[in-house]
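> Below is one structure. I have some questions about it.
The values are calculated or read from the model by the stated rules, or taken from the named source; none is laboratory data. Computed from a predicted structure; not experimentally measured. Neighbour counts are summed over all protein chains in view; Cβ atoms, including those assigned to glycine, are modelled from backbone coordinates with ideal geometry.
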Amino acid sequence: MPDGHPDLNGYWQALVTADWDLQDHEAQAGPKPEINGVYGAGPAGQSIVEGGVIPYRPEALAKKKKNFETRAMSDVSSDKTWHNLGDPEMKCYMPGVPRANYLPFPFRIVQSSGASTPYMIISYEYANSTRIVRMNTKAEAPIPSWMGWSRGSWDGDTLVIDVSGFREETWFDRAGDYHSDELHVVERYTPVSPFHLMYEATIEDPKVFTRPWKVRFPLYRRMEQNFQILEFKCAPFTEEMLYGRFVKKPTP
Amino acid sequence: MTHRFAALASTPAIVIACGSLSLLMGQAPQPARKAAGEPQKQAAAAPAAKSAAPPAKSSDFRTPWGDPDLQGVWNDATSTPLQRPTGVADKTVLNDSEAEEFQEEIANRLSRDRRDGSSELDANRAYNEHWMDYRRLKITKDHRTSLIVDPPDGRIPPTVPISAERQKERDDRAAALARFNAGMPNSYFDFDLPIRCVVRTDMPPYMPIIYNNDFQIVQSPGYVIIAPEMIHSTRIIPLDKRPHVGKNLQLWLGDPRGHWEGNTLVIETTNFRPDTNIFQQADPATFHLTERLTRVDAKTVNYEYTIEDPHTWTRPWTVRIPWTRIDPAEQMYEYACYEDNYDESHFLQGARDRERRGEVAVPIPRLPPLQ
């Protein structure tokens, strides 16, 4: 770019199957196989976690397992327990970070140059999620948010984004891996070829994990001619699941 | 772009970016005066600039790669009505004292801090000015009497007869809204799209509303990105003259393509979904939207759009809304909508409760439109 930084503008997408499970996972039937058959099934994949295993605190590991058992359930009859059940992805809620980067959807990095905008934007196809990355600022998150408070800086040719200020409701994957409101993520985007970024995220959350841990995988540039992000506005796909029980039933 | 990315020239997207860069850098000399600058610095420099330099012109604002620079966080709140009210039918622009009166009258009508009226109205106003964008009670600085600048009478043009099929759709929609307003929605389909958190003011053309009127623009070579705060859907506008997506790909927010005409970004948007309840109930099949964004000065972008739909109106019409740079101390927030959409649950549960108690639908008093 004119300011001397690498140009990360483009459409990018991960090819890992980590949205099913960050750790080693075999092919699985998925929830409700009696309805969905192979349509609901997930592929096998190797762990993207450095060292293979997420260092859970013992009580937190029990919660992760419970999350998995109830991953395909939902109950919005009470505001107080609104977020207690089910994977937020299934309900079309914003995915959080780093999950947004390994969902099976493309995203665009928007990188400007020059003094007039100290911002970058990352725009995800899934649920129109958007992150505003504030460059070279020390300002703290004003309020918690689903996609977190992103502060960017350059370490040589690597874009580093420090993300904090998360709400606690997002999950890392469909296996029930989760975090608390103390989640802190440091992302590194390093160009390794014109067509690849190496992506690394360090995840820290003393309430849930015994130590910080890392995920690492490449992002691939989408090369199709005239490629663009379309829309995955998924709210309408979930309304019957979430609200169908409150819909007026036809009189018999 | 650093040397290590010279190889990127082999990818189509980058060819375009480099192409526009060299072309525009060649045509447009770097402005002598630093463009927009950091908001804080700009504010500090403003008084000195006032006496030393002539006011900034539209062409002074350039990105480092030579495109007109629209970047910043902008707010489009205003109380100036879309259509010119009958009381000022003979005036396009008001003088200072007329403007003050006009503004006060509208603010009084819109204000939710009033305590007059029925108890039902009073209860509705519990959602009061505390929650609203205070800028929505100010008319535009140029003292216009309507946001519509064409036709000259400031009114939406007369309609043409519409098909029976579209009339039925409108009637069905009106009936659904009546059920909703009476607190008796049958299903989530009775709600408007904003209540369902599918689209809100992120759907072009952009109109001011009660809150979250902010739009962030970020540019990169070959692209302009408009990120409306409500509801976090970034609009990615390619400038490379690529064709629109195929006609079978329809989008809630449409498919935008941009180009520069002088200092103005012109956006043509097509491929709207047929079930979108599109702007002012136009026909998605023939709806044609052209938007124009022009940087006027350090603190203003003019946002103008023209609507054409021969299936709905007798002629095209054009709206102009000034976008004002927000105070740097303010910022964009994440507008999470569907994640905690308690309304969608409450409205339906409330309706089923009323049915169980044998209550019937009673329309409740409505407040003035939420501009």
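> Search segment B:264-281 for residues being touching a Phe, Trp or Tyr at 6+ places or on another chain (Cβ under 8 Å) and surrounded by 19 or more Cβ atoms within 10 Å (Cβ to Cβ), and hand back the single one that is farthest from B:Leu251 (Cα to Cα).
B:Ile278
> Next question. In segment B:247-273, how many residues are out of contact with any helix residue (DSSP H, G or I) (no Cβ under 6 Å at 6 or more places or on another chain) and assigned to a loop (DSSP other than H, G, I, E, B)?
The number of residues fulfilling the criteria is 10.
> Are any residues in segment B:204-222 in a loop (DSSP other than H, G, I, E, B) and either within 7 Å of another protein chain (Cβ to nearest Cβ) or surrounded by 24 or more Cβ atoms within 10 Å (Cβ to Cβ) (or both), and if so, which ones?
Correct list: B:Asn213, B:Pro221.
> Between A:Gly45, A:Gly86, A:Gly40, A:Gly52, which is without any contact (Cβ under 8 Å) to a residue 12 or more places away in the chain and under 26 Å from A:Ala14 (Cβ atoms)?
A:Gly40
> Can you tell me which condition B:Arg173 does not meet? The list is (1) among the charged types (D, E, K, R); (2) within 11 Å of another protein chain (Cβ to nearest Cβ); (3) out of contact with any Pro (no Cβ under 7 Å at 6 or more places or on another chain), and all the others hold.
(2)
> Based on this model, can you work out whether A:Asp19 counts as over 20 Å from A:Thr210 (Cα atoms), more than 14 Å from chain B (Cβ to nearest Cβ) and acidic (Asp, Glu)?
yes
> Oh, and also: Got a sec? Which of B:Ile225, B:Ile231, B:Ile237 is in a strand (DSSP E or B), at the interface with chain A (Cβ under 9 Å from one of its Cβ atoms) and touching a residue at least 12 places away in the same chain (Cβ under 8 Å)?
B:Ile225
> Turning to a different aspect of this structure: Looking at (1) among the hydrophobic types (A, V, I, L, M, F, W, C); (2) in contact with a helix residue (DSSP H, G or I) (Cβ under 7 Å, 6 or more places away or on another chain); (3) farther than 14 Å from A:Phe172 by Cα, which is the one condition that is false for A:Leu8?
All conditions pass for A:Leu8, except number (2).
> Looking at (1) within 18 Å of B:Met203 (Cβ to Cβ); (2) over 15 Å from the mean Cα position of the chain (by Cα), which is the one condition that is false for B:Pro316?
B:Pro316 satisfies every listed condition except (1).
> Continuing with the same structure: Scan segment B:243-263 for residues that are loosely packed, with under 15 Cβ neighbours inside 10 Å and facing chain A (nearest Cβ under 10 Å) and jot them down.
Answer for segment B:243-263, where residues must be loosely packed, with under 15 Cβ neighbours inside 10 Å and facing chain A (nearest Cβ under 10 Å): B:Pro243, B:Leu249.
> Can you tell which of B:Asp283, B:Asp275 is over 30 Å from B:Gly66 (Cα atoms), out of contact with any Cys (no Cβ under 6 Å at 6 or more places or on another chain) and without any contact (Cβ under 8 Å) to a residue 24 or more places away in the chain?
Exactly one residue qualifies, and that residue is B:Asp275.
> For segment B:59-113, how many residues are farther than 26 Å from B:Ile326 by Cα, among the acidic types (Asp, Glu) and either in a loop (DSSP other than H, G, I, E, B) or within 14 Å of chain A (Cβ to nearest Cβ) (or both)?
1
> Is it fair to say A:Ile121 is at pLDDT 95 or above and within 7 Å of chain B (Cβ to nearest Cβ)?
Yes: the conditions hold for A:Ile121.
> For residues in segment A:75-90 being in a loop (DSSP other than H, G, I, E, B) and within 11 Å of chain B (Cβ to nearest Cβ), which is surrounded by the most Cβ atoms within 10 Å (Cβ to Cβ)?
Ranking the qualifying residues of segment A:75-90, first place goes to A:Val76.
> Are there any pairs with C-beta distances below 9 angstrom linking a residue in segment B:311-335 that is within 14 Å of chain A (Cβ to nearest Cβ) and closer than 30 Å to B:Asp283 by Cα to a residue that is in a loop (DSSP other than H, G, I, E, B) and of a type in the set (A, V, I, L, M, F, W, C), with the two at least 6 apart or on different chains, and if so which?
B:Tyr335/B:Met230; B:Tyr335/B:Ile231
> Okay, moving on. Quick one: count up the residues across segment A:196-232 that are away from chain B (no Cβ under 14 Å), of a type in the set (Ser, Thr, Tyr) and more than 16 Å from the chain's Cα centre (by Cα).
1
> Among the numbered conditions (1) in contact with a Pro (Cβ under 9 Å, 6 or more places away or on another chain); (2) over 30 Å from B:Trp65 (Cα atoms); (3) modelled with pLDDT under 95, tell me where B:Arg196 comes up short.
It is condition (3) that B:Arg196 fails.
> Among the aromatic types (Phe, Trp, Tyr), out of contact with any Leu (no Cβ under 7 Å at 6 or more places or on another chain) and surrounded by fewer than 17 Cβ atoms within 10 Å (Cβ to Cβ) - does that describe any residue in segment B:190-197?
No, segment B:190-197 contains no residue that is among the aromatic types (Phe, Trp, Tyr), out of contact with any Leu (no Cβ under 7 Å at 6 or more places or on another chain) and surrounded by fewer than 17 Cβ atoms within 10 Å (Cβ to Cβ).
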